[in-house]
1. Could you line up 98, 139 from fewest to most neighbouring Cβ atoms inside 10 Å?
2. Mind sorting 34, 188, 125 by how few other Cβ atoms lie within 10 Å of their own Cβ, fewest first?
3. With r defined as the distance between the Cβ atoms of residue 180 and residue 6 and R0 fixed at 25 Å, what FRET efficiency is calculated, to the nearest 0.05?
4. Nearest 0.05, what FRET efficiency do residue 145 and residue 78 give at R0 = 25 Å with Cβ-Cβ as r?
5. Just to check I understand the Karplus step: with θ = phi - 60° and J = 6.51 cos²θ - 1.76 cosθ + 1.60, what whole-Hz values come out for segment 2-9, glycine and proline as x?
Amino acid sequence: MGACHVGFANLQRAFDESPASFGESGPLLTGVSICVHEDVALLGNLPQTDFEYRADHYNSKIDLALRIGDRVAEVLRANGFQAHRLSHPPKGKPTGLYKLVARFAGLGWIGKNRLLLTPEHGCHIALAAVLTDAPLPTYGGPLMEDRCGDCEKCIDICPVHAYSREPFGETDSMAGFNTAHCAVFRGIINPTGWGLCGLCVKACPVGSD
């Protein structure tokens, strides 16, 4: 259907540590993660009011991931299970639950730019997630180790210093990221419309080859 990765996660740990993250879907503790690869070449001219990137990424890649998620949820419900595709952007506090589904499915780790990184594509992916009560075969191995190491290129390049260098928890990947600072800078890029920075994505060397 166009996904580069699909994984299945047991979310009990995430629910135990942060039940508020599940507010829009209730305690559905099996997750299906859908990843769609982005076009890395479109990152070359960021930051700018890049309509081409917006159209390709937001109107194409994220839309495709969400449509796949909707179809997965439809099939699960047709077979008698509860299923909820997480909204994007998430409703309420942006806890990054859809990234945790991918993380606990063994697909990658959450980098210092607070994005899900896979070994193959880095953070150049669009994510969707479905929560369900279906007894799917979830990933049972160890969580993928953080492969960022000492690299802090995403933190260093941020023009508004939106990132903290302090460690952050698994169940709230937005901790230490000032979304307001990020939004202000995007407004400076394009005061009358939709500004895109993307420097933290562009700077990440994982999957950029």
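1. In increasing order of surrounding Cβ atoms, one gets 139, 98.
2. The fewest-first ordering by Cβ neighbours comes to 188, 125, 34.
3. After rounding to 0.05, the efficiency reads 0.15.
4. Taking R0 as 25 Å, the efficiency between residue 145 and residue 78 is 0.10.
5. x, 7, 8, 9, 9, x, 10, 10
A short reminder: the numbers here are calculations on the coordinates, not readings from a lab. Bear in mind the structure is a predicted one, so any value in this text is a computation, not a measurement. Heads up, the Cβs are rebuilt from the backbone with ideal geometry, glycines too, and the neighbour counts pull from every protein chain shown.
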